[in-house]
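The values are calculated or read from the model by the stated rules, or taken from the named source; none is laboratory data. This structure is a prediction, so every number in the text was calculated from the model and none was measured. Cβ atoms come from the backbone with ideal geometry, glycine included; neighbour counts cover every protein chain shown.
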Amino acid sequence: MKKKAVYPGSFDPITNGHVDIILRGLKIFDEILIAVLENPKKTPLFTTKERVDMIKEIFSEEKKVEVKSFHGLLVDFARKNNARVVMRGLRAISDFEYEFQMALMNRKLDPEIETLFMMPNVKYSFLSSRLVKEVCMLGGCLTGLVPEIVEKRLREKFKLSSKSKKEKGRK
Ligand code: PNS
């Protein structure tokens, strides 16, 4: 049977830290299903489709990677997709408490699903989607932090939003 893992997240947007974890996962698993959270309570910068499409483009050459969006319980999504492992990245101790709670809640909900933690390269230990958005919005350099396609889409988003703010101001 193929060893399959789900790698869930908001991915708003995917960063090089996420990519690093996926590449590490590919050395362990036969298939990785990237699960992009569709959360109506949050207002992400990128729509679910935009987040999924960016990841699909980044891994277009990698046959072992699949990308889907999901809503509802992660364990239900994993089971429906025949995955028994959830992969998560741990950047620093500060991630631990949140991840520990989620892993144990998921185990309570479905004891057959295991969570596997992996550390990204230390050069990504400070990296987060939130900071990437902030740096981009304020005109900072994103080199080495996100894949090229993500940098392009981020620049487009912020150019558009500053344009529409200016337009609104004129009205
Ligand atoms: O990238 P993020 O925002 O840290 O990812 C969080 C995610 C998507 C892994 C988490 O919010 C999640 O699994 N949501 C699905 C809802 C769920 O299953 N909740 C109960 C278990 S904690």
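Quick notes
- Considering residues of region 114-141 that are surrounded by 18 or more Cβ atoms within 10 Å (Cβ to Cβ) and out of contact with any strand residue (DSSP E or B) (no Cβ under 6 Å at 6 or more places or on another chain) only, the residue farthest from T15 (Cα to Cα): C136
- The listed residue being within 16 Å of the ligand (Cβ to nearest atom), of a type in the set (V, I, T), at pLDDT 95 or above and closer than 20 Å to N16 by Cβ, out of V132, V75, V122: V132
- Of all the residues in region 66-114, those that are under 16 Å from the mean Cα position of the chain (by Cα) and assigned to a strand (DSSP E or B) number 9.
- Test: residue in region 23-33 that is at pLDDT 95 or above, surrounded by fewer than 19 Cβ atoms within 10 Å (Cβ to Cβ), in a loop (DSSP other than H, G, I, E, B) and not acidic (D, E): yes
- Residues located in region 37-54, provided they are within 22 Å of A78 (Cβ to Cβ) and either surrounded by 12 or more Cβ atoms within 10 Å (Cβ to Cβ) or in contact with a Phe, Trp or Tyr (Cβ under 6 Å, 6 or more places away or on another chain) (or both): L37, E38, N39, P44, T48, R51, V52
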